[in-house]
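The values are calculated or read from the model by the stated rules, or taken from the named source; none is laboratory data. Note that the coordinates shown come from a computational prediction; the quantities given were computed from them, not determined experimentally. Cβ placement follows ideal geometry from the backbone for every residue including glycine, while neighbour counts extend to all protein chains displayed. For accessibility, only protein heavy atoms count, side chains too; no ligands or nucleic acids. Shrake-Rupley method; radii C 1.70, N 1.55, O 1.52, S 1.80 Å.
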Amino acid sequence: MSTTQTPPVLAAELAEAWADIQRYHPELPDLAAPESLIGESSSACGHELSFERLLHEAVHGIAAARGIRDTSRAGRYHNRRFLAIAEELGLDHPEEPHPSSGFSLVTLTPEAKRRYRPTIERIQRALKAHSVATAADTSSTFRGPAARHGSSGGGVRVKAVCDCGRNVRVVPSVLAQAPIVCGGCGKPFRIPEIVGAAAS
């Protein structure tokens, strides 16, 4: 029972944490699909799912809202424009940029830790409950070779599209847990191959 309830609870906590960030940074767009962050143990940004990673994603959101190109090399290299916005949001990168990821591995400043302490504690509790629930579930289910070999999210991310043409990369099992709704048109993202197979 707890395993089916946990993902929506975690998604709700992520959405609430995003709203907490928006209170300090109103130009931050809404988080269209918190579920897309669940099920991935890491991202191209190099962070495990945590409040720090959520704040990192918020930097990208503000960069997009401002029309700023904050990465290159297919999103892997985080440039100084990314770092400038990260510093506004309470993230720091005290060392020189990494040769391949740039300023990706930003960390919370002490001030940001104080500002978001209640939010951080809520996210940590939700993540712990989610980890316990999913760990308990692995003994009775088969998750495939990708999961057993440590692949992010237990599978390969594929492109899911919505009717307005926007797309996201998502692990199919994450999309199967609950619909991921587009913030632009309000319709759910779908994996085209699955739609085509169902129609045939």
Nitroxide proxy distance, nm - points 7 Å out along Cα→Cβ at VAL9 and THR107: 3.1
Applying 1/(1 + (r/R0)^6) with R0 = 22 Å to the Cβ-Cβ distance of SER72 and ARG23, what FRET efficiency is obtained, to the nearest 0.05? 0.10
Can you give the extra length, in nm with one decimal, that the chain gains between ALA178 and ALA129 once fully stretched, where that is 0.36 nm per residue apart less the Cα-Cα distance? 15.8 nm
Accessible-area order for LEU49, LEU14, largest to smallest, probe 1.4 angstrom, reads LEU49, LEU14
With a 1.4 Å probe and every protein chain left in place, tell me how much accessible area LYS128 has, in Å² to the nearest 10. 140
Solvent-accessible surface (1.4 angstrom probe) belonging to VAL132, in square angstrom, nearest 10: 100
For SER72, SER131, what's the largest-to-smallest order of accessible area, 1.4 Å probe? SER131, SER72
